[in-house]
Amino acid sequence: MRVRILPRSLFGRLVLILTIGLVLALVGSAAINLRERHHLLEHAGAERFAQRIATTVSLIDRLSPPDRQELIRVMSTPRTSLAISANPELLPSNTPLPRHLMRLSAALSQQLEPEYRVEVAARKPAHRTRGIFQVAICLHDGNWLTITDRRPPRPLNLRPNTLLVQLGVVLLVALLLSLLAVTWVTRPLAMLADAARALGRDIRRPPLAETGPTEVRRAAAAFNLMQKRLLDFMNSRLRTLTAISHDLKTPVTRLRLRSEMLDDPQLREDFNRDLDEMDAMLGATLAYMRGEAKQEKLQSVDINALLESMVSDAHALGQDVTLSGHASAPYPARPRALRRALDNLVQNALRYGGSAEILVKERPRSLDIRVMDRGPGIPTPELEQVFEPFYRTEYSRNRATGGTGLGLSIARDVALSHGGTLHLVNRSEGGLEAILTLPR
């Protein structure tokens, strides 16, 4: 199974990139800061320790031998002992100087040399975590002052709690500002996407407000111009078809009047049937081109009552239509358009299957209305083509069952105007199933 790493949305991707960048930058900054802080504190500690020893050496060097011994006795502690001898009393080193003691030795040399000669040794006894640090300084009278520190300074082990808290606060503030910035940048894109979806349902929707940054205003202006051009094109097409329809109705009316003068009843009936079919095609075409489903206002519709009235009307005409299932709540719809779409689906089922079964299925976020028949079905490659205007399958090319070829096109147009979908599937037990899905 393929694991998705990047988020799908632009908002999520920008937040992820900013978060990773901020974390890496702050971690790198913290590492550099801690390193520099460690060096500074270690250097300051070595300088302070070397200064203290230099002061001690300078004081002892100026005293007489009796006074030196008295001062040494006073200054010696269990941790630090001082001794004066003719030779440096350094223990043999059994370990190289650690880095922090090397820094300490360098600080001592800087403080005492070239006035004093300095020798340094370090020894680490077994079973002890801390070693012994010794410094031997040759005084002006040739004697050696040996200082033995049994608890030399440890390497600094900083606990950067305060620094980590500061970095955490900086990271939190930076993330919050990044989230606000990303939201501010991506919100116009979300508004544009919502407007595009709404345009598919209602092309006569109000235009977008041309506000915000320059890029957003330009995108909104281009979107509004596109909507205006589409609307102008549709209105122009509608005016043309209306004019054609008006021009065609005049000769149709004349033909209807002349057909009444025919002596042959069968011929007169054939003429009238053809003229009725032409009238129906003209009316359906104009209704489809006007987009009447999108012009009606939304209102709360009792889906159960609407379907029950359809079933009652069908029974009154002797048609085999059944209903099962129910909607749990009213649905905001365009009543006449929805009724027309469902009528088209039911009439298709009756025309090709002889009967229609209506099933209402409630889902958490949608309402499904399924119209099923037991007819021949539709070849799989044509399941989408039948929604094209005036497209008819081989089963519907005869005069008795052909229709106008706009019923499914109008039904899908109604579904889209409600933000829903309409698709067809062949039933495994035979027949066709039309599934109208309306979002809650």
(request) Output the residue which, of all residues in segment 258-315 that are at pLDDT below 75 and part of a loop (DSSP other than H, G, I, E, B), is surrounded by the fewest Cβ atoms within 10 Å (Cβ to Cβ). (result) E296
(message) L345 - would you say it is at pLDDT 90 or above, in contact with a strand residue (DSSP E or B) (Cβ under 7 Å, 6 or more places away or on another chain) and assigned to a helix (DSSP H, G or I)?
(response) yes
(request) Restricting attention to strands (runs of 3 or more DSSP E) lying wholly within segment 101-212, give those where 3 or more residues are at pLDDT 80 or above, over 30 Å from S9 (Cα atoms) and not charged (D, E, K, R). (result) 132-138, 144-149
(request) Mind listing whichever residues of segment 342-378 are among the β-branched types (V, I, T) and farther than 14 Å from A411 by Cα? (result) I358, V360, I378
(request) Could you tell me which numbered condition D61 fails, if it satisfies all but one of (1) more than 23 Å from A106 (Cβ to Cβ); (2) of a type in the set (D, E); (3) surrounded by 15 or more Cβ atoms within 10 Å (Cβ to Cβ)? (result) (1)
(request) Select, from S236, S245, the only residue that is among the hydroxyl-bearing types (S, T, Y), farther than 30 Å from L438 by Cβ and exposed (fewer than 14 other Cβ atoms within 10 Å of the Cβ). (result) S236
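Quick one: would you say R339 is in the same structural domain as L416 (by TED's automatic domain parsing), out of contact with any His (no Cβ under 6 Å at 6 or more places or on another chain), surrounded by 18 or more Cβ atoms within 10 Å (Cβ to Cβ) and under 18 Å from R412 (Cα atoms)?
Answer is no for this residue.
The values are calculated or read from the model by the stated rules, or taken from the named source; none is laboratory data. This one's a predicted model, so the numbers in the text were calculated from it and none came from an experiment. Virtual Cβ from ideal backbone geometry, glycine too; neighbours counted across all protein chains shown.
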